[in-house]
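Following: one structure in C-alpha cells, then a few remarks.
The values are calculated or read from the model by the stated rules, or taken from the named source; none is laboratory data. Bear in mind that the values here come from a model prediction, so they are computed numbers and not experimental data. Every residue, glycine among them, receives a Cβ derived from its backbone with ideal geometry; neighbour counts consider all protein chains shown. These accessible areas exclude ligands, DNA and RNA; they are computed on the full protein's heavy atoms, side chains included. Shrake-Rupley method; radii C 1.70, N 1.55, O 1.52, S 1.80 Å.
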Amino acid sequence: MGASASRREPAPGTDAAHEPAPDVAADTAPEPKRVAPDAAPEPAPKRAAAATDPFRELLGTEGNASALLKFAGYRTVLTLESLSWRARRAVRGARLELDVTHEKIQRRLLRIFHRVELLNLRRQGDLPKQIVYSVTQYEDGWQTRAAGVLYEDGGRVILLWPSPRRLHGVRGVDASARDEVRSIASLAATKRVNSSMLSLGHCSLILSHRGGDERGWLRCKEFLAQLQVNYKPPMAKFADEETVASLVASMSGGDEAVGTLMIPRRLVLAARRRQDSRQRGTLAVRNELDVALRKAARASAVLDVAAAGRVLTHFWKCMSRSKWGAVTRETFIDKVAAAAGLGTSDALVVWDEAVNGLLVPLVPLYFPAGSKPPLGTSDETISREPGDVRAGDILAITGHDYFWPACTALAITSLARDPSTCFSSTAYLSFCSFEQFVVRQNGYVFAGESVVWSAAIAVLDDLGTRRDGEANAEPGKARVREAVASLLIPSRIRPLVAGATVEYAEGDANLPRDDDDISWSRATIVSRDVHLAVIRMETNAEEKSVYLGSLRLVEDEPSAAAILLAHAAADHRYDIMQQILASDVMGNSPLSFTVGEPGKPISLRTDARATALDHAIVSRNIVGIGLLSDAYTRDQKLWQCCVATCHSLEKISSPQLTPKERADFSCAMRCGPGAYRHHMNPWTPFMVALGRQLEMILSPSMSTLPRFARDLMKPIESCGARNCCSDLCRSFPSSGAVSKIGKTRGRTQQTNC
C-alpha cells in the first residue's frame, strides 16, 4: 500500500458541485496552540569516586594500629575509634597489641578490653550502674584455652585484643575429632552468658600466656598480682550520723562523748567513712540475684520468678549431695525439676534453655567422654573450653562463681525458713548441720572469682535484704539480730572462767620481731578479775597473776560465735561485730578466743593462736580494730599484752601500706611512731586506767589545773563519765608548760593532744 493522501478524492460518479459546503465556523476558529515537546533531561553527572582515606589505609595495614597505640598509649584506642566510622571499623577489625606494662588500674584495663560490649549495652539501655571486674589467669597456655593472650616482649607486657573466638588448633588434638555442631552451640551459649553477665554487672577477663614461655608466665603473674594490689574500690560515701555515733560509742565503752575525746581522732574519721563489705563489693548479693532471676524468667518460656527461685534452690541442693559436681541432664530432670514442681515437658524446656545460656546463673559446660562424677571437682574432670567440644562429650550445667554465694544463701534461708535455724547445730541439711556448713564451712575455705567469701556473711546479707511488702529495712535488721543472737547463748560458748584450760605467753610488742620468740605454755585459771587472772602453770604448778591479753582459751574447736566474729572482722561488718562484742559472754575478753589464721580455714585452730584481731589487721579494718580494742584499752599494759601476742602484728608495717594507712594503723593499735617502740608510746598518757584516781580528776581540785586542761575535762565531767584518763593531768610537766603550749598553739579549741 502507498502512502495515504492528505485530501480525500471525490468518489467516482459524483460531481464536484455536489460537494458539501465548507464549515465557516470551523475555518474561522483559531488554530490550537502547538506545544513544543519537553526537552530531553540532561544526563546526571557521574558520581565522583570516594576519596581514599589515607588514615584509614594506615590503620588497616597490619601492625600500624598497634605501633600507633604503642607510641600514644593503649588508651588512645578510644580516640581512634571516635574519629570516624571508617577508622572505627578499621581499628575493630585489626589485631591489636596493647602495651599494658605501666597500667595499675584494673577496671580501666577491663573497660578498654570490653569496650565494644559495654558500648552496645549502653546503646541498648542495659548498662548497669555498677560493674564488678575480675581477672583470671590460666597456667597451661593459650593453646588449650580460649582466653586473651598476655605475654612479655622486650620488657613490655603485651595484651592481644580481641580474644580468640574459638580454638582453631590444640596441640596433640586432631581437628577432625571436634564436633563442629556442638562446638558452635557451645560458643553461642558462652556468648549469651557473657552478655547476660555484663548486663547484670559483672565483667571478667581470662588471660593466659604463650605456650612454653615460662618467663612470660611469671611476668604475667606478677602483673596480675600488681593489679590486684593496686586496685582501689570506689570512694566510699560518708556514713550517717547515727551509725557514726554508734561506732564511736562502741569504741569508747558505750559513751560517744568520751569516745570523741579518748579514742584517736583517726578512728573517729574512719568511722565516718562508710566502709562497704568487701564480699558484697566483689560478689553478687541477694538483690543482684533477684535481678538475674527476673531476667531468666523473661527469657524462659515456662518459668516465672518464683519457679526460677525454686529451680535454683533445688539445683544447689542437688549439687551439695553430689559433692558439688556439675548436674547432668538425667539428674536435672529427675531430681531438680521434679522437686521444683515442673512436669517432664517443662523440665525438658528448662534444660534446653539452661544449656543455651538463657538461664543465668546456670552455666553450661562440656566434659570429656568417660568422666566420672562428680564432674568438675578434680583435675581428671576438667571441662572443655568453649568451641572445643568433641564427640561423646558430656553436657552438664553448674552455677556461676559470681552468683554462687548468693545462690548458697538463698538455698540456706529457703530450707531453714527461720533466721535462728540458719546457724543451728541441731537442725540438719542433707549432708551436715546448718552450723557445720554455714559457720564452720566444713573446714574449707570458700573461694569464687579468686575471692574468699564467707557463707555466714552471705546468709546474713540474704536475711537483711528487704522482702516484698516490707516498708523499710527494720524487719531485715531484726532477722539478722535474731540469727546472730542464736550463737550467743551460754550453751554454745565456753566461757573464760575459773577452771578453764588456757595457754599463756609473753611476747614482744615492738617491731620487728620473730614469732618463734613467743612460747606458749598450758595453764589453768584459778580465778579471774575484769582484766586480770590468776593462773596455775601445768609444768611447775606455779601461780602467777597475768593480764587476759596474754591468754588463749584451749578448745577442741573454736566456738561458732568466735568464728563469726572473725568473719565479720575480715569483711568489715561492723554491725555484726557490735552485736557479738556487746554480749556478756564474749564482750569482756574477745581476743582470748582463737580461730584459724588468715588465709586458712577459720574454723580450724592452728599453732598461730590467731584471733579476730589478726583478721582485722590483714583486711585493714581500722574500725574493727577499734571495736576489738575497746575491752582492753582501759589499761596500757593490758593492751600491750594483746599486741605482744598478736600473730599478724608485722602486717601493720607492710611496705604495701600507704602513709595514710600507716597512720591509721598506728592510731588504731596505739603504737608509737617510727620503729613502734612502746617505751616511747605517745598513747600511754591517754590510756584509761581502770577508773583509779577518778575522784581526783573530777573533784574540785580541777581548779588548780591550767585552763587548757580544765576545758578538756569539762565535757567528761558534764557527761558523767566514770572511765577517764587518770594520767592525763600528770602527763603535763607543769602548769607553766601547759600554759605555754596553749599560748603557742593559739586558742584552746585548736589544741590537738
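Structure summary
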item	result
Summed residue charge, Cβ within 12 Å of residue 662's Cβ, Lys/Arg positive, Asp/Glu negative	+2
Spin-label pair residue 543/residue 527, simplified geometry with 7 Å Cα→Cβ offset, distance in nm	0.8
FRET E, pair residue 71, residue 662, Förster distance 30 Å, beta-carbon r, rounded to 0.05	0.20
Area accessible to solvent at residue 78, 1.4 Å probe radius, in Å²	80
Amide H contacts of residue 452 (H built 1.01 Å from N, under 5 Å, at least 5 apart or other chain)	none
Under 9 Å, Cβ to Cβ, from residue 605 - net charge with Lys/Arg +1 and Asp/Glu -1	-3
19 Å cut-off, amide nitrogen to a point 7 angstrom out along residue 584 Cα→Cβ, residues in the stretch 631-674	631
Sulfur and carbon atoms: percent of accessible area, the stretch 619-663 [1.4 Å]	53
Relative packing of peptides 279-290, 558-569 - highest average C-beta neighbours within 10 Å first	558-569, 279-290
Nonlocal amide H pairs with residue 202, under 5 Å, H built at 1.01 Å	132
Per residue, in Å², the accessible surface of the stretch 71-115 once ligands and nucleic acids are set aside, probe 1.4 Å	53
Percent carbon-and-sulfur accessible area, the stretch 345-388, ignoring ligands, DNA and RNA, probe 1.4 Å	53
Neighbour net charge for residue 522 - beta-carbon separation under 9 angstrom, K R +1, D E -1	-2
Backbone HN-Hα couplings from phi across the stretch 643-651 [Karplus 6.51/-1.76/1.60, Hz, Gly and Pro as x]	5, 5, 9, 6, 6, 9, 5, 5, 5
Mean Cβ neighbour count within 10 Å, used as a protection proxy, ranking 366-375, 119-128, 488-497, 467-476 highest first	366-375, 488-497, 119-128, 467-476
520, 324, 351, reordered so the largest accessible area comes first (probe 1.4 Å)	324, 520, 351
Pairs from 104/600; 191/295; 104/221; 637/660 whose Cα-Cα separation, in the structure shown, is over 20 Å	104/600; 637/660
Accessible area expressed per residue, the stretch 345-396, with surrounding protein chains retained (probe 1.4 Å, Å²)	41
Carbon plus sulfur fraction of accessible area for the stretch 516-556, probe 1.4 Å, in percent	41
Simple spin-label estimate for residue 445 and residue 467 in nanometres, 7 Å along Cα-Cβ	3.6
